[in-house]
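This report concerns only the one structure given below.
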Amino acid sequence: MTSVLEAVQRIIDPARIVPAPVILSEEAETSRCKPIRVHSAAESWALRLQSDDHLRVLAALSKEHSVRRLPDYLVFSEPRVPAQRSEDVALNILVCELKSSATGAGEALAQVQLGKLLAEYLLRVAVHSVGESEIPKVWCCGLIASPEFPASMLTKGSTRPGKVEHPSQYDKLSKMRIYRSPGGGEIQLESFF
């Protein structure tokens, strides 16, 4: 049986896949958000989205309500514990958006929300491509990184010594937890799931 991670990877253009270890970075050379290195104990890879990857049938709505603005990355990884039953998580997805300015960071929420929808679509296509009809359980969360977020936002975890916890909020619209990071440095992918 093909894993869910492999099924999704198989439907993506190989030229667009960023293999592990993933380095999250903005496209623009003038970017102020420092690259973030993603570490993962499990198998993982990322899809780097481009600014023109939206579906051509989508309307160019106002900037505030655009359905064309996608996030920078979708990072896919296997869960810590392999799924044994249908109610077990079969795939982790981190939707990432990097922003250089405070204004951009404020607009990033909509991009992360749309990124979750795109990830769910890719998952459905992947499952269909292997002849399955049931969508496996996924754990999806978002990450917005910007140098405008203060480094003092990071706290040491009280339950896990040495673990850095990024501040987060639960987004009711996308039904996922969205984390904020000042950018740069390294993140442990498993710490989000």
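Values in this text are rule-based calculations from the coordinates and carry no lab data. None of these values were measured; they are calculated from a predicted model.
So how far, in whole Å, is the C-alpha centre of segment 176-193 from the one of segment 118-145? A separation of 20 Å, based on Cα centres.
For the pair Gln50 and Arg16 in one chain, pulling the backbone fully straight at 0.36 nm per residue adds 11.3 nm over the alpha carbon distance.
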